[in-house]
Amino acid sequence: MLVILAAMGWTALQAQGSMRAVFSYSTFYAPSTSQPYVETYLSFDAWTMQFVKQPNGSYRATAEVTIVAKQGDSVCYVKKYDLNSPTVGSLEELDFSFIDMQRFSLNNGIYDLELTIRDKNSEAPAAMVSEKLAFNFDNVHPTLSSIQLMAEATPTTTENIFSRGGYDMEPYVSDFIPEQVDHLNFYYEIYNINQELGKKPFLVVAYIEQQETGNRFEAQRSMSRKYGSAYVPVYGSLDISQLPSGNFNLVVELRNSDNQLLLYKKLPFFRSNPGVKGEELSDFTGTFAGAYTDEAQLNIYLDALYPIASEREKQVSRDLISRPGLEEKQAFLYRFWQERYPLNAEVEWLKYKERIDYVQAAFSYPRTLGIHTDRGRVYLQYGPPDFVRDEKNFVSVRNLNGTHSGTPLQMRQTGDDATNQFETESQGHVYYLPYQIWRYNKLPMDDNTRVFLFWDEHRSGLYTLLNSNARGEVQDPGWERRLCRNQLGDNVVGEVGEQFRRGY
């Protein structure tokens, strides 16, 4: 699964394959040139990529990256490049992540920022995410850049793309802050504050507030004095070692000498810190979530939320499942549904639980839970399909006039082994591996008639998603040739291709 996570909307996109990357961006302004610009950040998990051996004996992975900024049909910026990973001496040294950063200028306005990414050493198709990007900077009005979280800042020895104000600042490309991180490091820039204050001093304040209540954590607070200028960089750090698990905002404020608020900005993040108990961990024994006291079963329920969860919620869920902690898991399950359906959280959860129960019963496979199969994921994410076509031994016949007729005939076997060998004596017959077509008449945020085609590639009973026309799903142009083991020529649409087009 390729996961791309866009920082401004935290929208996950998945595609077939195994590579996982996290994407975010920040907007800045250069007062000296009156030019807005954007920085993009990509963090790759090396262990999810395909490494290949190099001539010198080392191993390296390569991703193909394309960045496009558009206004309507007009392309304002495009860059396509290959990104190489650090080399390693063996395939046992892949427990690391690596970051790519790009910087480019755009004029004020609203853009569609598109990122496409592909593992060049894998046959998995490319995946794309699109986010809205807005600039509104000038040389007159005081404004703030994006707040960028930083993994670390070290003195610059050689100028590079990470260098700012004498430091190399490595971006932290996520809004999930695990317990191992004890400081929240951040960076932002202030523009044109001198237009309002001249060279007078002002205060920059940073603190953390709880998202649900707005309560401030006074222990996590910093304050410093700055002086009016056209450009003021701010680097700060807050000790979060005692910040409990929960949803929070990093808040930065600018205040004048009379303590009047001039500008402020918030950055949401989630903290996982099970070693610190906070007041927000209430007693959930009286709620629907508190009814589940079997921690192993509760782990399955949290895992089953994956298809409908945000990327941050997925990270939190994985973290909770990996360790003991019944109360935290109950709290997560409760909040997950309470935040979505404040008036009927339990009713909506029970509806979803019915899907889980069905998926576990219908799609489980030896050593694979139903919720972890492709059919299980689609069923949980979109609900039951409006139409299902299930074919175990489908054969189509190509007539002389180019049309097709199909019938689910029993395929003949040759030889004494257990594998199916397709008879090809009758020219025009096309034999297909077992497949299912699922049609949804309407999916949220998508067009009508969305189709999913699953196939049993090895005749083992385990169906995987081969192709779909739904937004963000697997789209393989050569899917029908794979389904019939290359019995059709390139760009030839067979009977099952026509079924896919019709949705039945």
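Inter-part distance, the stretch 112-180 to the stretch 60-100, computed on C-alpha centroids, equals 13 Å.
Show that you can apply the helix-only estimate: for the chain, add -39,500 (n - 2.57) for every DSSP H stretch of four or more residues, divide by all residues, and state [θ] at 222 nm to the nearest 500. List each step's numbers first, then the result.
Values: 8 runs with 80 residues, N = 504.
Helix contribution divided over all residues of the chain: -4500 deg cm²/dmol.
Picking from S364, V234, F270, whose Cα lies most toward the positive end of the charge dipole for the chain (charges on Cβ: Lys, Arg +1; Asp, Glu -1)? Result: V234, furthest along the dipole toward the positive end. Neighbour counts of C-beta atoms inside 10 Å place F394, F270 in the sequence F270, F394, starting with the fewest.
Charge dipole (Cα centre; +1 on Lys/Arg Cβ, -1 on Asp/Glu Cβ; no other charges) of the chain amounts to roughly 800 debye.
With the convex hull drawn around the C-alpha atoms of the stretch 80-219, the volume per residue stands at 227 Å³. Counted by neighbouring Cβ atoms within 10 Å, the residues Y111, Y292, Y81, Y365 run from fewest to most as Y81, Y365, Y292, Y111.
Normalising by the residue count of the stretch 289-382, find the relative contact order in percent from Cα pairs under 8 Å and 6+ residues apart. Numbers along the way, then the final one.
Numbers: 72 pairs, mean separation 25.7, N = 94.
Once normalised by length, the contact order is 27 percent.
Couplings 3J(HN,Hα) of the stretch 238-246, computed from phi: 10, 6, 10, 4, 9, 7, x, 5, x Hz, in residue order, whole Hz [Karplus 6.51 cos²θ - 1.76 cosθ + 1.60, θ = phi - 60°; x for Gly and Pro]. Normalising the average separation of contacting C-alpha pairs (under 8 angstrom, six or more residues apart) by the number of residues puts the relative contact order of the stretch 130-210 at 39 percent. Size descriptor for the chain, Kirkwood hydrodynamic radius: 26.2 Å (Cα pairs only, one decimal).
Pairs of alpha-carbon atoms within less than 8 angstrom and 6+ residues apart define the contacts here; what relative contact order does the chain have, in percent? The partial results should precede the final answer.
Values: 1035 pairs, mean separation 44.3, N = 504.
Across the chain, relative contact order equals 9 percent.
Distance between the C-alpha centres of the stretch 197-253 and the stretch 466-500: 53 Å, rounded to the whole angstrom.
Determine the sum of side-chain charges near N256: Lys and Arg each +1, Asp and Glu each -1, restricted to other residues whose C-beta is under 9 angstrom from that of N256.
Working: positive: K200, R255; negative: E196, D258.
With Lys, Arg at +1 and Asp, Glu at -1, the net is 0.
Comparing V75, F202, S322 along the charge dipole axis of the chain, the residue lying farthest to the positive side is V75, per the Cβ-charge model.
Every number here is computed from the coordinates shown, using simple stated rules; none is lab data. Remember, it's a predicted structure, so these values are computed and weren't measured experimentally. Every residue, glycine as well, gets a Cβ built from its backbone with ideal geometry; the counts of neighbours run over all protein chains shown.
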